[in-house]
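Just below is one structure, and these are the notes that go with it.
The values are calculated or read from the model by the stated rules, or taken from the named source; none is laboratory data. Since the model is a prediction, treat every value here as computed from it, not as a measurement. When we count neighbours, we look across all protein chains shown, and the Cβ atoms used for this are built from the backbone with ideal geometry, even at glycine.
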Amino acid sequence: MAESIRDPRSSLGAMDSFDLIIVGSGSGNSIPDYLKDWRIAIVERGVFGGTCLNVGCIPSKMFIVPADLAESARNGTKLGVDSHVDGVDWAQIRDRVFGRIDPISAGGEEYRATGNPNIELIRGTAVFVDSHTFEVEGRQITAPKILLAAGARPYAAPIPGLDEVAYQTSDSIMRLDTLPKRLGVIGAGFIAVELGHVFSSYGSQVTMFNRSDSLLRTQDAEVARRFTEIFGRRVDLVLNADITEVRTTETGIAVTANGEDHEFDELLVATGRRPNSDLLAAEVAGLELSEDGRVVTDASMQTSVEGIWATGDITNSYQLKHLANAETSVAFWNIANSDQPRQTNYSAVPHAVFSNPQVASVGLTEEQAKADGVDYVVGRRDYGGTAYGWALEDSESFAKVLIERSSKKIVGGHIIGPQAATLIQPLIQAMHFGQPADEVAKDVFYIHPALTEVVENALLDALDGL
């Protein structure tokens with residue numbers, strides 16, 4: 001039985017009432033000042049702080065920074081620099097990462113347990129008993145207002161034999177004791193390619209299995225093709241993979257795909273994430289769910305049940321911390337101010353893939369624009385067409401924008417290459433504030449010869465096509 005950190009007045013098995021129950025300690029832990037006088041319960045079943053802090057964006061990027069450094073060193077010769085990598089100390093990097101993260105998680109938990117007498121941290125899995133009552137490890141708690149911020153967890157695709165092998169997920173692989181010499185990766189989304197980049201850069205022989213012919217297939221198709229081409233030079237790709245068996249051998253884990261056996265020391269399964277609504281027994285509360293189990297909300301983050309809001313990975317398909325934070329801010333406001341409701345703005349939700357090459361995107365892909373019947377024009381600029389791109393000797397990276405003809409509004413932006421996640425910011429802001437492309441391209445200065453000129457020139461290229 002999990003330990004609960006409780007108000008001493010409460011007793012196990014009794015019904016305890018709160019003003020607000022929050023399920024999840026990730027974004028749900030960011031309680032605003034205007035709610036701190038409420039009696040609030042935070043229920044957490046896992047490591048305090050949620051996915052991003054403990055097993056997601058923060059630790060993975062702390063592994064990616066040295067991976068980028070190692071990869072850059074291996075490619076210095078094209079710039080006339082005789083650089084090389086003598087070795088990577090996996091244990092030192094791992095311990096540095098979690099030596100910083102684990103105390104933050106522990107400190108946050110301690111603060112929530114003792115920092116405010118009105119806020120109670122309860123350890124365990126919250127399971128709906130009715131629409132506004134949970135049972136947590138034998139204790140029942142209730143509140144008129146509930147925020148579900150319980151996130152998602154790794155999902156393993158149904159592959160014969162997989163349940164019988166000791167495979168890794170994104171939750172576990174960053175804490176391995178040793179760097180695997182041979183790593184197999186099943187999946188080709190952002191988690192797979194980010195961790196594939198890490199282990200390949202550190203010296204593992206990486207093989208990736210993907211059921212389609214392209215990595216990152218939800219990206220703009222041109223970007224996905226270019227990424228697959230570049231990444232395929234660093235790792236072994238088994239595309240259009242039909243995996244018929246996974247099994248343990250005397251020397252590792254074997255994957256049978258397209259009739260051939262591949263053996264690895266470790267196997268990472270990165271085939272998606274599933275929302276944690278099933279763990280909550282969300283159907284007992286009468287919540288409307290999508291086909292894939294997400295809790296359905298409107299833009300105010302209100303669910304189908306009055307008094308219940310949901311935010312983050314349990315409700316949206318983006319799986320993005322910055323969106324979860326924004327949704328939770330809206331939900332908290334609406335929980336306290338029902339007469340002045342706010343809504344989350346989804347008009348320009350950006351995302352980035354911190355692999356190598358880096359990828360960033362906002363808005364429509366070209367394929368989506370065609371399917372939606374948008375009358376658009378494409379603007380494109382290679383990094384090599386700018387002065388800083390010359391300095392990088394970059395002949396493969398590019399920026400691409402989609403502009404609606406009638407309004408000159410930017411409806412999509414896609415960048416693959418160094419600093420992509422930073423370079424895309426002007427496009428995000430322009431889309432959010434509805435600025436036409438000619439204002440963004442012509443009415444502001446772009447520092448010369450900074451790499452931001454690739455965005456400026458992509459916009460100018462599109463405007464030339466109007």
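Looking at residue 359, is it touching a residue at least 24 places away in the same chain (Cβ under 8 Å), buried (at least 21 other Cβ atoms within 10 Å of the Cβ) and of a type in the set (A, V, I, L, M)?
Numbers: touching a residue at least 24 places away in the same chain (Cβ under 8 Å): yes; buried (at least 21 other Cβ atoms within 10 Å of the Cβ): yes; of a type in the set (A, V, I, L, M): yes.
Against the criterion (touching a residue at least 24 places away in the same chain (Cβ under 8 Å), buried (at least 21 other Cβ atoms within 10 Å of the Cβ) and of a type in the set (A, V, I, L, M)), residue 359 qualifies.
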Practice item. Output yes when any residue across the range 135-147 is more than 24 Å from the chain's Cα centre (by Cα), small (Gly, Ala, Ser) and not assigned by TED's automatic domain parsing to the domain that holds residue 242, and no when none is. Key: yes
Point to revise | Residue tally, condition farther than 17 Å from residue 164 by Cα and either of a type in the set (Val, Ile, Thr) or surrounded by 19 or more Cβ atoms within 10 Å (Cβ to Cβ) (or both), over the range 242-261 | key: 1
Exercise for review: Take residue 61 and decide whether it is in a helix (DSSP H, G or I), surrounded by fewer than 18 Cβ atoms within 10 Å (Cβ to Cβ) and modelled with pLDDT under 95.
Suggested key: no
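Please indicate, with yes or no, whether at least one residue in the range 90-98 is closer than 30 Å to residue 40 by Cα, hydrophobic (A, V, I, L, M, F, W, C), modelled with pLDDT of 95 or more and crowded, with 16+ Cβ neighbours inside 10 Å.
Step one: list which residues in the range 90-98 are closer than 30 Å to residue 40 by Cα, which gives 98.
From what is left, the residues that are hydrophobic (A, V, I, L, M, F, W, C) are 98.
Among the residues that remain, those that are also modelled with pLDDT of 95 or more are: 98.
Now restrict to residues that are crowded, with 16+ Cβ neighbours inside 10 Å: 98.
Yes: one or more hits.
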Practice item. Kindly establish whether residue 256 is in a strand (DSSP E or B), of a type in the set (S, T, N, Q) and in contact (Cβ under 8 Å) with a residue 60 or more places away in the chain. Key: no
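Mind listing just one residue for me: the one in the range 419-433 that is in a helix (DSSP H, G or I) and among the polar types (S, T, N, Q) and, of those, farthest from residue 363 (Cα to Cα)?
Taking the range 419-433 and keeping what is in a helix (DSSP H, G or I), we get 420-423, 425-433.
If we keep only those that are among the polar types (S, T, N, Q) as well, we get 422, 425, 429.
Values: 422: 16, 425: 12, 429: 12 Å.
The selected residue is 422.
Which of the residues spanning the range 302-339 are assigned to a loop (DSSP other than H, G, I, E, B), buried (at least 19 other Cβ atoms within 10 Å of the Cβ) and not β-branched (Val, Ile, Thr)?
Of all residues in the range 302-339, those assigned to a loop (DSSP other than H, G, I, E, B) come to 304-307, 311, 315-320, 337-339.
Then keep just the ones that are buried (at least 19 other Cβ atoms within 10 Å of the Cβ); that gives 311, 315-316, 319-320.
Result: 316, 319, 320.
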**Study point:** Sole residue being touching a residue at least 24 places away in the same chain (Cβ under 8 Å), more than 30 Å from residue 338 (Cβ to Cβ), β-branched (Val, Ile, Thr) and in contact with a Phe, Trp or Tyr (Cβ under 9 Å, 6 or more places away or on another chain), chosen from 31, 21, 93
**Key:** 93
**Study point:** Only one of 184, 252 that is modelled with pLDDT of 95 or more, outside the structural domain of residue 319 (by TED's automatic domain parsing) and at positive phi
**Key:** 252
Check your understanding: residue 443 is checked against (1) touching a residue at least 40 places away in the same chain (Cβ under 8 Å); (2) charged (D, E, K, R); (3) over 17 Å from residue 377 (Cβ atoms) and fails just one. What number does that condition carry?
Key -> (1)
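Inside the range 267-301, can you point out the residues that are assigned to a loop (DSSP other than H, G, I, E, B) and of a type in the set (Lys, Arg)? Give the derivation first.
From the range 267-301, those assigned to a loop (DSSP other than H, G, I, E, B) are 270-272, 279-281, 286-288, 290-294, 296, 298-301; that's our starting set.
Selection gives 294 alone.
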Practice item. Go over the candidates 313, 298 one by one and state the one that is acidic (Asp, Glu) and in contact with a Leu (Cβ under 9 Å, 6 or more places away or on another chain). Key: 313
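Every residue, every condition in (1) surrounded by fewer than 24 Cβ atoms within 10 Å (Cβ to Cβ); (2) closer than 28 Å to residue 121 by Cα; (3) in contact with a Ser or Thr (Cβ under 7 Å, 6 or more places away or on another chain); (4) not hydrophobic (A, V, I, L, M, F, W, C), yes or no:
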{"site": "146", "(1), (2), (3), (4)": "no, yes, no, no"}
{"site": "151", "(1), (2), (3), (4)": "no, yes, yes, yes"}
{"site": "157", "(1), (2), (3), (4)": "yes, no, yes, no"}
{"site": "172", "(1), (2), (3), (4)": "yes, yes, no, yes"}
{"site": "177", "(1), (2), (3), (4)": "yes, no, no, yes"}
{"site": "188", "(1), (2), (3), (4)": "no, no, no, no"}
{"site": "195", "(1), (2), (3), (4)": "no, no, yes, no"}
{"site": "198", "(1), (2), (3), (4)": "no, no, no, no"}
{"site": "202", "(1), (2), (3), (4)": "yes, no, no, yes"}
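Tell me whether the range 367-386 contains one or more residues that are under 20 Å from residue 323 (Cα atoms), surrounded by 14 or more Cβ atoms within 10 Å (Cβ to Cβ) and modelled with pLDDT of 95 or more.
no
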Exercise for review: With a cut-off of at least 1 residues that are over 28 Å from the mean Cα position of the chain (by Cα), under 21 Å from residue 226 (Cβ atoms) and of a type in the set (Ser, Thr, Tyr), name the strands (runs of 3 or more DSSP E) lying wholly within the range 340-410.
Suggested key: 376-382
Review point. For residues in the range 99-134 being acidic (Asp, Glu) and more than 22 Å from the chain's Cα centre (by Cα), which is surrounded by the fewest Cβ atoms within 10 Å (Cβ to Cβ)?
Key: 130
Practice item. Give the residues of the range 284-314 that are in contact (Cβ under 8 Å) with a residue 60 or more places away in the chain and within 13 Å of residue 344 (Cα to Cα), sorted by residue number. Key: 309, 310, 311, 312
**Study point:** Among (1) without any contact (Cβ under 8 Å) to a residue 60 or more places away in the chain; (2) farther than 30 Å from residue 148 by Cβ; (3) within 23 Å of the chain's Cα centre (by Cα), the one test that residue 278 misses
**Key:** (2)
Practice item. Considering (1) surrounded by 21 or more Cβ atoms within 10 Å (Cβ to Cβ); (2) closer than 20 Å to residue 354 by Cβ, say which one residue 85 fails and leave the rest. Key: (1)
